[in-house]
Structures are given as C-alpha cells and as structure tokens.
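The structure appears below as structure tokens.
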Amino acid sequence: GLPLVRQQQVRTMPQDVVASLAAEEAACLDDLRACLSADIRDEHTAGRGWAEVVGSAALLRFLRFHDGDVGRAATGFRTALAMRKRTGANEMRRRLHSADPQAYWDFERLPLTYV
C-alpha cells in the first residue's frame, strides 16, 4: 500500500476522485500538489481557490494529460493559471458567482484580451 503520509493525504480528497485512482497515480497527484503548493496557496490567498481551478480533479486533469509527468503537468498548470489572469477568466468567474446580481451583467468592464 501507500506510505502512511500518502494515505492520509489521499483521504482528504473527495471520495469519488480517490476511488478511481491507482496507488501510483495517487502518489503522482500528491507530488504534483506538493510541487504546486505555493501556486495553490497564492490562488487561495487571492480569493481564487476554487475547486474547479485548484482542486484535486483539476490537478488530475493536468497530470493525466501529461501522462503522469509531474514536471510537465506543473508547467501546464502554471501556464493555465497565467492564461486565466491574462484573459480575465478569474474576474468573469468571480462575477458570475457574486451575490450581487448587477455584477453578472457588468461584463463591459472586463478586459478584452485574446489568447
């Protein structure tokens, strides 16, 4: 089985994600999370720690896309975070989930950038 530390880390993930992971993939996911800990912390600090962006399922998508290569997955994740900032995706997400209904319709103030 997994070392005790890894078992405890895997237990903190949503059960639907954990159930589908092989031990090796779970270990790689933990390694990716450790590699990106500063980036994830920065997203949480900035109020952008949304599960769909920095959660286990999101990290797993990058890990699987890069065939389990933690270094390449981390680079891809950081590139995606930079793209979200550059294109205003974070601001759009914040406004869409805002308690203020006017913020939903106030998109003309968003920066218009193209990838």
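The values are calculated or read from the model by the stated rules, or taken from the named source; none is laboratory data. The shown structure was predicted, so the numbers you read here are calculated from the model rather than taken from an experiment. A quick note on method: Cβ atoms are made from the backbone with ideal geometry, for glycine too, and the neighbour counts reach across all protein chains shown. Keep in mind that these areas ignore ligands, DNA and RNA; they rest on the heavy atoms of the full protein, side chains included. Shrake-Rupley method; radii C 1.70, N 1.55, O 1.52, S 1.80 Å.
A few points about this structure:
- Close pairs from segment 66-83: first under 10 Å from LEU32 (Cα atoms), partner open to solvent by 50 Å² or more (accessible area, probe 1.4 Å) and of a type in the set (Asp, Glu), Cβ under 7 Å, at least 6 apart: VAL70/ASP31
- When segment 38-57 is filtered for residues that are more than 15 Å from ARG94 (Cα to Cα), surrounded by 12 or more Cβ atoms within 10 Å (Cβ to Cβ) and over 9 Å from the mean Cα position of the chain (by Cα), the ones remaining, listed by number, are ASP39, ARG41, ASP42.
- Top-ranked residue of segment 71-106 - restricted to ones that are basic (Lys, Arg) and at pLDDT 95 or above, ranked as nearest to ASP30 (Cα to Cα): ARG72
- Taken over segment 1-44, the criterion of being modelled with pLDDT of 60 or more, of a type in the set (A, V, I, L, M) and in contact with a helix residue (DSSP H, G or I) (Cβ under 8 Å, 6 or more places away or on another chain) is satisfied by VAL17, LEU21, ALA26, ALA27, LEU29, LEU32, LEU36, ILE40.
- Residues of segment 19-37 that are among the hydrophobic types (A, V, I, L, M, F, W, C), part of a helix (DSSP H, G or I), closer than 16 Å to VAL70 by Cα and open to solvent by 40 Å² or more (accessible area, probe 1.4 Å): ALA23, ALA34, CYS35.
- Scope segment 45-55; condition modelled with pLDDT under 90 and in a helix (DSSP H, G or I); matching residues: ALA51, GLU52
- Members of segment 81-94 that are open to solvent by less than 30 Å² (accessible area, probe 1.4 Å) and in a helix (DSSP H, G or I): LEU81, THR87, ALA89, ASN90
- Filter pass, ARG33 being of a type in the set (Lys, Arg) and within 23 Å of LEU21 (Cβ to Cβ): yes
- Residues that are of a type outside the set (Val, Ile, Thr) and open to solvent by 40 Å² or more (accessible area, probe 1.4 Å), drawn from segment 58-79: ARG61, PHE62, ARG64, PHE65, ASP67, ASP69, GLY71, ARG72, ARG78
- Cross-chain or 6+ apart pairs with Cβ under 7 Å, segment 30-45 first and under 15 Å from ALA80 (Cβ atoms), then open to solvent by 40 Å² or more (accessible area, probe 1.4 Å) and part of a helix (DSSP H, G or I): ASP39/ARG78
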